[in-house]
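Participant: Sharing a structure below in structure tokens format, with a few things to ask.
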Amino acid sequence: MKIRASLVLLAAILACPVSLAADAFVLARKDHTNSPSLTGKSVTQATVREMNEAGLTLEMGEKKIPGKVSNKEVANEVFEIISPVKVRRTLTSKTSESRMVVMENEQPGPEKTDPLQGLPVIIEEKDGKCTVTLEKGEATPEQKAALDELEKDGNDREALAIYGDAPRKPGDKWDVDLAKLPSFGGAKDLKGSFVVEFVEVKELQGTSCAVLKSTLDLSGTTVKEGDEPTLSIKMKGEVVVHRSLEDLVDLDSKMSATLDMDGQAGPGMKMKITGPVTMSRTATIAKP
């Protein structure tokens, strides 16, 4: 079962830092129309998501069949900041592998190729809305679906929902308004608690970063992808982020959580999955 963390596009990249005092900082902005610190730079982002040996139970009537499920996804992207409201994004590589073991029989998952791999796409803000299009050529139906997903992620403004636009300082702690967070970690219709703490300011990659620790205890439903079934999901864990105070980009992000998922896997069959998931993401900002 593929669990992914929602991609923060314009909310994480097209932003301008604001320091209101020596110890107070704005971590995200509603306005993405002025980002002089990033224009002309490129951001290289690497993401690894993994579920390892999660417990699996298939139920058919009174019969319960045990198993294990694992998956891993590695993606590398480059974001070139053309202007304060325009970014060229290229997915340079993406690999995914999965396997399921049921009654000691291993069933490797199908190999998946991202329809946008290697293709530059333009992410642009127009009239307060994010649009995503191929830089050249006409999109196939599969590419159009992937572009629509990127566009949705951009318009969700995840960073603004999590960090808010109020000034924050080390020691501050706040609750995320889940009504403003359409999805997180592959889950939507979120309920529960999501608490963020501004721990300290620390240097990373030669720049000052806010160290932010989030504690999660969420429930919802999985974001449907393709022909995958929609499942109920519970997620409990933590996320630690180093967020650049100059460029408002998460330079390092690590999530460790436990997932419980259950629902209909097919006619007359229920599925339950319980196990650990991890996500790590690093970003490097290159100057022109």
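Participant: Mind telling me which of the residues ASP217, ASP165 ends up being open to solvent by 40 Å² or more (accessible area, probe 1.4 Å) and farther than 30 Å from GLY275 by Cβ?
Facilitator: Of the residues listed, the single one that is open to solvent by 40 Å² or more (accessible area, probe 1.4 Å) and farther than 30 Å from GLY275 by Cβ is ASP165.
Participant: May I pose another question? What residue, among those in segment 224-248 that are at pLDDT 90 or above and within 25 Å of GLU149 (Cβ to Cβ), is most open to solvent (accessible area, probe 1.4 Å)?
Facilitator: LYS234
Participant: If I filter segment 15-57 down to residues being over 21 Å from ALA161 (Cα atoms), open to solvent by 40 Å² or more (accessible area, probe 1.4 Å) and among the hydrophobic types (A, V, I, L, M, F, W, C), which single residue comes out as modelled with the highest pLDDT?
Facilitator: Going through the qualifying residues, I end up with VAL48.
Participant: Quick one: GLN264 ticks every box in (1) part of a strand (DSSP E or B); (2) surrounded by 15 or more Cβ atoms within 10 Å (Cβ to Cβ) bar one, so which box is it?
Facilitator: Status for GLN264: all satisfied but (2).
Participant: Now a separate question. Which numbered condition trips up SER193, out of (1) polar (S, T, N, Q); (2) more than 16 Å from the chain's Cα centre (by Cα); (3) at pLDDT below 95?
Facilitator: Of everything listed in (1) polar (S, T, N, Q); (2) more than 16 Å from the chain's Cα centre (by Cα); (3) at pLDDT below 95, SER193 misses just condition (3).
Participant: Which residues, counting only those in segment 178-194, are outside any strand (DSSP E or B) and over 21 Å from VAL240 (Cβ atoms)?
Facilitator: ALA179, LYS180, PRO182
Participant: Which one of the conditions (1) touching a Ser or Thr at 6+ places or on another chain (Cβ under 8 Å); (2) crowded, with 17+ Cβ neighbours inside 10 Å does LEU150 fail to meet, given that it meets all the rest?
Facilitator: (1)
Participant: Please specify each residue of segment 212-223 satisfying the condition of being under 18 Å from GLU149 (Cα atoms) and at pLDDT 90 or above.
Facilitator: THR221
Participant: Which of the residues spanning segment 168-180 are surrounded by fewer than 20 Cβ atoms within 10 Å (Cβ to Cβ), aliphatic (A, V, I, L, M) and in contact (Cβ under 8 Å) with a residue 12 or more places away in the chain?
Facilitator: The answer is LEU178, and nothing else.
Participant: When you go through THR258, THR282 one by one, which is the residue that is among the β-branched types (Val, Ile, Thr), open to solvent by 60 Å² or more (accessible area, probe 1.4 Å) and closer than 18 Å to VAL211 by Cβ?
Facilitator: Working: THR258 fails: closer than 18 Å to VAL211 by Cβ.
Of THR258, THR282, the one residue that is among the β-branched types (Val, Ile, Thr), open to solvent by 60 Å² or more (accessible area, probe 1.4 Å) and closer than 18 Å to VAL211 by Cβ is THR282.
Participant: Just name the residue that is most open to solvent (accessible area, probe 1.4 Å) out of those in segment 73-102 that are in contact (Cβ under 8 Å) with a residue 60 or more places away in the chain and hydrophobic (A, V, I, L, M, F, W, C). Please lay out each step first, then the result.
Facilitator: Step one: filter segment 73-102 for residues in contact (Cβ under 8 Å) with a residue 60 or more places away in the chain, giving 73, 79, 81, 84-85, 87, 89, 96, 98.
Now narrow it down to the ones that are hydrophobic (A, V, I, L, M, F, W, C): 79, 81, 85, 87.
Working: PHE79: 1, ILE81: 7, VAL85: 42, VAL87: 2 Å².
Among them, the one singled out is VAL85.
Participant: Can you list residue pairs whose Cβ atoms sit under 7 Å apart, with the first residue in segment 209-226 being over 19 Å from VAL239 (Cβ atoms) and the second being assigned to a loop (DSSP other than H, G, I, E, B) and at pLDDT below 95? Count only pairs 6 or more apart in sequence or on different chains.
Facilitator: Going by the 7 Å Cβ cut-off, the qualifying pairs are THR221/THR230; THR221/LEU231; LYS224/THR230; GLU225/LYS2.
Participant: Which of the residues that make up segment 110-122 are among the polar types (S, T, N, Q) and open to solvent by less than 100 Å² (accessible area, probe 1.4 Å)?
Facilitator: Hit for segment 110-122 is GLN117, nothing else.
Participant: Given the criterion open to solvent by 70 Å² or more (accessible area, probe 1.4 Å) and in contact (Cβ under 8 Å) with a residue 12 or more places away in the chain, identify the matching residue among GLU142, GLU125, GLU203, GLU197.
Facilitator: GLU142
Participant: Would you list the strands (runs of 3 or more DSSP E) that sit entirely within segment 48-159 and hold 2 or more residues that are hydroxyl-bearing (Ser, Thr, Tyr) and in contact with a strand residue (DSSP E or B) (Cβ under 6 Å, 6 or more places away or on another chain)?
Facilitator: Fully inside segment 48-159 and qualifying: 86-102, 129-134.
The values are calculated or read from the model by the stated rules, or taken from the named source; none is laboratory data. As the structure is a prediction and not an experimental result, all values here were calculated from the model. Quick reminder, even Gly has a Cβ in these numbers, built from the backbone with ideal geometry, and neighbours come from all protein chains shown. To get the accessible areas, we keep the full protein, side chains included, count just its heavy atoms, and leave off ligands, DNA and RNA. Shrake-Rupley method; radii C 1.70, N 1.55, O 1.52, S 1.80 Å.
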